[in-house]
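Participant: Before anything else, here's the structure in question.
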Amino acid sequence: MHEPTATSQDPLAPVIAALATMPAADAPGPAGAAARQLEAVAQAGRTQGWAVLPIGLQAGAEATELAQLHAAIALQSLRHGQPMAPTLLLSGGAVLHQGSAAGPAQFLLALALSMDEHRAVHAAAAGWEPASGQNVVAVLRPDTLQRARDRHGHPGQALLAGGGNDLLRDLGDVRPLGPGDGGAGILRAILITLV
């Protein structure tokens, strides 16, 4: 089981560390807090020598549609090498599943299915998880879909049912950060590495 924590072997380590400092539920100014948090994650990426591509804050988008957009940008970057890998795509904002609030794991599961297990893409997302009422950090690794298939069959079923959090938590790829109220939305970081 993979633990969503920072390790020296983990390319997501600096991203996870920065995302793990999500503001508390009572932090003032959720929109300002999200922008500051995105900048902290961007700085962690720059410190690693990565190109940082901010996509911005998108609030209220369906997780599947947003994941398809992010996947298209990542795949385009991989196909054409622009910007040069490794590249960190950053975005933020609340996401939905069939019109209701969804958490970071639901977005990551949709991203995994959209990327079709591309070996050069790792991702992490942090924010409020409606199922648990907590802020969490969730990770997506190149082998996430295969591990999910090995344990549960087709992960698309979990996506359709809104069960991204349960699936990734079962795989050991969700870590609680503490209480949350959904005010800060979700912060998303997608790392495109050289294969």
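The values are calculated or read from the model by the stated rules, or taken from the named source; none is laboratory data. Here the structure is a predicted model, which is why all the values come from computation and not from measurement. Glycine gets a Cβ as well: all are built from the backbone with ideal geometry, and neighbour counts include every protein chain shown.
Participant: Name the residues in region 145-162 that are without any contact (Cβ under 8 Å) to a residue 60 or more places away in the chain, among the aliphatic types (A, V, I, L, M) and closer than 14 Å to L108 by Cα, would you?
Facilitator: Passing the criteria: L145, A148, A158, L160.
Participant: Please determine whether any residue of region 61-73 is assigned to a helix (DSSP H, G or I), at pLDDT below 80 and over 22 Å from Q146 (Cα atoms).
Facilitator: Filtering region 61-73 for residues assigned to a helix (DSSP H, G or I) gives 63-73.
Next, only the ones that are at pLDDT below 80 stay: none.
No, region 61-73 contains no residue that is assigned to a helix (DSSP H, G or I), at pLDDT below 80 and over 22 Å from Q146 (Cα atoms).
Participant: Just to be sure I understand, how many residues within region 57-79 are out of contact with any helix residue (DSSP H, G or I) (no Cβ under 7 Å at 6 or more places or on another chain) and of a type in the set (S, T, N, Q)?
Facilitator: Number of matching residues: 2.
Participant: Here is a further query. Residue check: is D150 surrounded by 15 or more Cβ atoms within 10 Å (Cβ to Cβ), of a type in the set (D, E) and over 29 Å from G32 (Cα atoms)? Don't jump to the end; show me each part of the working.
Facilitator: On the way: surrounded by 15 or more Cβ atoms within 10 Å (Cβ to Cβ): no; of a type in the set (D, E): yes; over 29 Å from G32 (Cα atoms): yes.
It is false that D150 is surrounded by 15 or more Cβ atoms within 10 Å (Cβ to Cβ), of a type in the set (D, E) and over 29 Å from G32 (Cα atoms).
Participant: Also: Would you call L108 of a type in the set (A, V, I, L, M), modelled with pLDDT of 85 or more and surrounded by fewer than 24 Cβ atoms within 10 Å (Cβ to Cβ)?
Facilitator: Details: of a type in the set (A, V, I, L, M): yes; modelled with pLDDT of 85 or more: yes; surrounded by fewer than 24 Cβ atoms within 10 Å (Cβ to Cβ): no.
It is false that L108 is of a type in the set (A, V, I, L, M), modelled with pLDDT of 85 or more and surrounded by fewer than 24 Cβ atoms within 10 Å (Cβ to Cβ).
Participant: Also, quick follow-up: Hey, can you tell me all the residues within region 74-97 that are assigned to a loop (DSSP other than H, G, I, E, B) and in contact with a Gly (Cβ under 7 Å, 6 or more places away or on another chain)?
Facilitator: Looking only at region 74-97, we keep the residues that are assigned to a loop (DSSP other than H, G, I, E, B), and these are 81-86, 93-94.
G93, A94, listed by residue number.
Participant: Taking the condition of being closer than 12 Å to A105 by Cβ and of a type in the set (K, R), how many residues in region 120-144 meet it?
Facilitator: The qualifying residues number 0.
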